[in-house]
Amino acid sequence: MRTAWEAVTRARAARELDRLPEARRILGEALAAAPEDPVVLAELADVEYRLDDHAAALRHARAAIAANPDRVDPYLTAALVHHYEDERDEALRYARAGVGRAPHDVGALLVLARVIVGGPMTDAMRAEARTALESACGYAPQNADVLAHAAESYRNLPDSAEARRHVERGLAEDPAHIGLLALRARLEFADFSTRDKAVATLRGLLGASPNHAPARRLLAEIMWRALLRLAVWVWFFACAVAALAMWAGPGVLRVVTPVLFVIVLVAWFRVFRHLRRQLPPRYLRERLLRRPEALLGLCVLFFASLLADLGAVALRVVAGVGYALLIVGVLGASLAHLMLFAGWLRRFRDETDRDAADSYALFTVIAVVGFGFVVLGVLGVLRSWARAPEAYPVLAGLLGIVVVTLLAESLIVFLTGPRDWRRPVAYCTVLLTLLALAVLGTRWSFLWMASETFTGSD
């Protein structure tokens, strides 16, 4: 027993120093001498989980439970393995079993809350998670690590107010806690009114811990989102001009289109001013120079903006030429958006910025389809009363280009990122079907537009 305990002590010391392979070797040797020792089995399962060897971790956790059903650690390891593998029922079963054996164990309560908030929840499950978090924080009210884990679970609950409260409580105990500072930055970034504070928090965090990967990725996400917003402004300008052309005459266009262009110009100025003020010195330049496709995308976007503006000017005189230039401008902005998005996804050396690119792509598709097609439907109903009904298929075509671009980016994210091989066919089929429908709809809009705008036939 003493030999096994000494091995566990040495393995824990190696684990604290982040020497996980050495810890695994020490515990493996101890297990060979004592194959049914529950402490060795539980420690080995934990180390294997940290090494992402989930099959071995689950096997040894179950063996530890069989050797000593009252020990809590292996239940938690098994719960986390099943949670990672998206086996929700088994994860909940083990997490609840761990809490049942040690109702006052802070680690068990935090694992139970983490498993619950990591998937679909009923009201009863939300209440269970809140109770677990309140109990854990009540048992360790001054432990910054516990408060950090609780804040993360509250963020996923979702309950941003409680997450912020626990972050501030934790930072009051440990102002330099890296995890709490990173979570504060994430919460500040999620709120549009506090995004400037998020950048300040991130810069302070990276000053203390320059290699903190989540903080580096969040700072990069702020940059890429800002650059992609430039292409979105060009899309907005072109679609707004096409919608306006349906109802307004040349006199109104002469007044309103310069205002719209000034809005886009101000947006460009604000984006780069904010980035220059927020990002560390030379950060933007180095990121773009490492990704020439993104730098080229910005150049394409600049000329696309000019073409869209020329289209708005030409629309006052020759409608067909104006529409054609708007279409080319939107195509250019879409190409630039793809190039910037590719820069976000691409790994440079050992670093990747793509942390939130998948959620960005999904959210943008939902937002554009949800809002854009509602507006398009309303304008379609009112089209017969419009001053220039031939502008409607132009607007439909422009929106189609945007949707095709965003769906293509979602497909790229799926095909180039980590995949869950249990569901790739369903995901890929849905994306390809939507992309095919968007391409066919856009083609039909262009044919309709050509018929009404350029040939003059109805």
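The values are calculated or read from the model by the stated rules, or taken from the named source; none is laboratory data. Computed from a prediction, not measured in an experiment: that's the story for all the values here. Cβ sites come from the backbone with ideal geometry, for glycine too, and all protein chains shown count toward neighbours. Side chains included, ligands, DNA and RNA excluded: accessible areas come from the protein's heavy atoms. Shrake-Rupley method; radii C 1.70, N 1.55, O 1.52, S 1.80 Å.
A few notes on this one:
- Sites ALA13 and TYR283, calculated FRET efficiency, Cβ-Cβ separation with R0 45 Å, nearest 0.05: 0.75
- Calculated from backbone phi, Karplus (6.51, -1.76, 1.60) coupling profile of segment 262-276 in Hz, x at Gly/Pro: 4, 4, 5, 4, 5, 4, 4, 4, 5, 4, 6, 5, 5, 4, 5
- Extension gain from TRP448 to SER209, taking 0.36 nm per residue of separation minus the Cα-Cα distance: 80.3 nm
- In percent, rounded to a whole number, the relative contact order of the chain is 8, using alpha-carbon pairs under 8 Å and six or more apart.
- Backbone N atoms of segment 323-338 closer than 17 Å to the 7 Å Cα→Cβ label point of LEU310 belong to residues 323-334.
- The accessible surface of segment 364-412, taken with every protein chain in place and a 1.4 Å probe, is 78 percent carbon and sulfur.
- Expressed in Å, the radius of gyration and Dmax of the Cα atoms of segment 12-151 are 15.2, 48.
- Where only DSSP H runs of four or more residues are counted, the chain gives -27000 deg cm²/dmol as its mean residue ellipticity at 222 nm, each run worth -39500 (n - 2.57).
- Phi angles across segment 85-90 convert, under the Karplus curve 6.51 cos²θ - 1.76 cosθ + 1.60 with θ = phi - 60°, into 3J(HN,Hα) values of 7, 6, 9, 5, 4, 5 Hz, Gly and Pro given as x.
- Estimated vicinal HN-Hα couplings, Hz - segment 75-83 in sequence order (Karplus 6.51, -1.76, 1.60; Gly, Pro = x): 4, 5, 4, 4, 4, 5, 4, 5, 5
- Two-site label geometry, THR131 and LEU298: point separation in nm, points 7 Å out along Cα→Cβ: 5.4
- For the chain, convex hull volume per residue from C-alpha positions, Å³: 162
- Translational diffusion coefficient (Stokes-Einstein; Kirkwood radius from C-alpha pairs) of segment 260-359 at 25 °C, 0.890 mPa s, in µm²/s: 163
- Label-to-label distance, nm, for residues given as ARG165 and ARG290 (7 Å Cα→Cβ offset): 4.0
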